[in-house]
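Values in this text are rule-based calculations from the coordinates and carry no lab data. Predicted, not measured: the structure shown is a model, and the values here were computed from it. Reconstructed Cβ throughout: ideal geometry from the backbone, glycine too, with neighbour counts over all protein chains shown.
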Amino acid sequence: MLGNTARGEEREIAIDLANLVMGLSLAAAPWMLGFSAYEPAALSAVFIGDAIAIVAVLALVSFAAWQEWLNLCLGISAGVAPWIAGFSETTNATYGHVLVGVIVAAMAALDLTMLYLRPAPMD
């Protein structure tokens, strides 16, 4: 049973590291994808990307379920931001937000599934 727990924790760490990379990628996307001049898209990418990265670091330091719920919400926010903030016509910004949003939301959902479906330890 200990082996399963260790593998589960390794998966959670891998997911948190991937979320960190996704957050930093979204924060850097305005310059990497060339939409830094379009302020609504750039601000959205930087703020949401930084928030994802900060939550991922917090999860790496000390895991709590609320962090995954917050990353799920941030992932969904990134995915819908182009339409909510009105920059969906900016193709690179839309693709960057949607791609990162889907990945972060999916990884947070996977982490939450592993958390809530993990068998209880046997005494």
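Among all residue pairs at least 6 apart or on different chains, which show Cβ distances below 6 Å where the first residue, located in segment 78-100, is farther than 14 Å from LEU43 by Cα and the second is of a type in the set (Gly, Ala, Ser) and crowded, with 20+ Cβ neighbours inside 10 Å?
GLY79/GLY101; VAL98/GLY79; VAL100/ALA78
Pairs needed: first member in segment 54-66, surrounded by 11 or more Cβ atoms within 10 Å (Cβ to Cβ); second member anywhere, in a helix (DSSP H, G or I) and β-branched (Val, Ile, Thr); C-beta distance under 8 Å; at least 6 residues apart or different chains.
Pairs found: LEU60/ILE13.
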